[in-house]
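Q: Just passing along the structure, written as structure tokens.
The values are calculated or read from the model by the stated rules, or taken from the named source; none is laboratory data. Remember, it's a predicted structure, so these values are computed and weren't measured experimentally. In this analysis, Cβ positions are derived from the backbone assuming ideal geometry, glycine residues included, and neighbour counts consider all displayed protein chains.
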Amino acid sequence: MIRILIDADACPVVKIAERIAKERKIPVILFGDTNHVLSSDYADIRVIGVGADAVDFALMNESRAGDIIITQDYGVAAMGLGKGAYPIHQNGKWYTNENIDQMLMERHLAKKARMG
């Protein structure tokens, strides 16, 4: 069964995704850390301890082929693609095997530029 897993820390489309999922009877799991308050009358909520990438790794450990993953993190999207999931950015852009390498490279170059 398809599920929707949401990297919910500061994700502006949680309520929209939940509403659509509820209409279609698709299970939703929200992942967040202890610094964020998550609430839902539909989704399961997983609160993960604070730590670098702790939420990302918990989400990936839960994910499986066929899941939809909503995230703005290119690294999470890349790992999701590797598992056969369908990652989508919160703005609606699908991450694909055809575009993820370029996105990761742009992120790397931007980080390098910021470090000067």
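Q: Please identify the pairs in which a residue from the stretch 21-41 that is hydroxyl-bearing (Ser, Thr, Tyr) has its Cβ atom under 7 Å from the Cβ atom of a residue that is at pLDDT 95 or above, counting only partners at least 6 apart or on another chain.
A: Pairs that qualify, where the first residue is hydroxyl-bearing (Ser, Thr, Tyr) and the partner is at pLDDT 95 or above, are 34/47; 40/18; 40/30.
Q: Which ones in the stretch 9-58 are over 18 Å from residue 74 (Cα atoms) and among the aromatic types (Phe, Trp, Tyr)?
A: Scanning the stretch 9-58 gives a single hit, 42.
Q: Which ones in the stretch 57-75 are over 21 Å from residue 16 (Cα atoms) and not basic (Lys, Arg)?
A: 57, 58, 60, 61, 62, 65, 74, 75
Q: Test residue 36 against the stated conditions and say whether it is outside any strand (DSSP E or B), modelled with pLDDT under 90 and within 22 Å of residue 19 (Cα to Cα).
A: Against the criterion (outside any strand (DSSP E or B), modelled with pLDDT under 90 and within 22 Å of residue 19 (Cα to Cα)), residue 36 qualifies.
Q: Please go through the stretch 16-33 and pick out each residue that is closer than 17 Å to residue 85 by Cβ, out of contact with any Lys or Arg (no Cβ under 8 Å at 6 or more places or on another chain) and part of a loop (DSSP other than H, G, I, E, B).
A: Matches in the stretch 16-33: none.
Q: Next question, about the same structure. For the condition at pLDDT below 90, among the aliphatic types (A, V, I, L, M) and surrounded by 11 or more Cβ atoms within 10 Å (Cβ to Cβ), what is the one hit in 79, 60, 103?
A: Answer to the selection: 103.
Q: Can you give me the number of residues within the stretch 51-101 that are touching a helix residue (DSSP H, G or I) at 6+ places or on another chain (Cβ under 7 Å), over 22 Å from residue 34 (Cβ atoms), in contact (Cβ under 8 Å) with a residue 24 or more places away in the chain and not small (Gly, Ala, Ser)?
A: Residues flagged as touching a helix residue (DSSP H, G or I) at 6+ places or on another chain (Cβ under 7 Å), over 22 Å from residue 34 (Cβ atoms), in contact (Cβ under 8 Å) with a residue 24 or more places away in the chain and not small (Gly, Ala, Ser) within the stretch 51-101 amount to 2.
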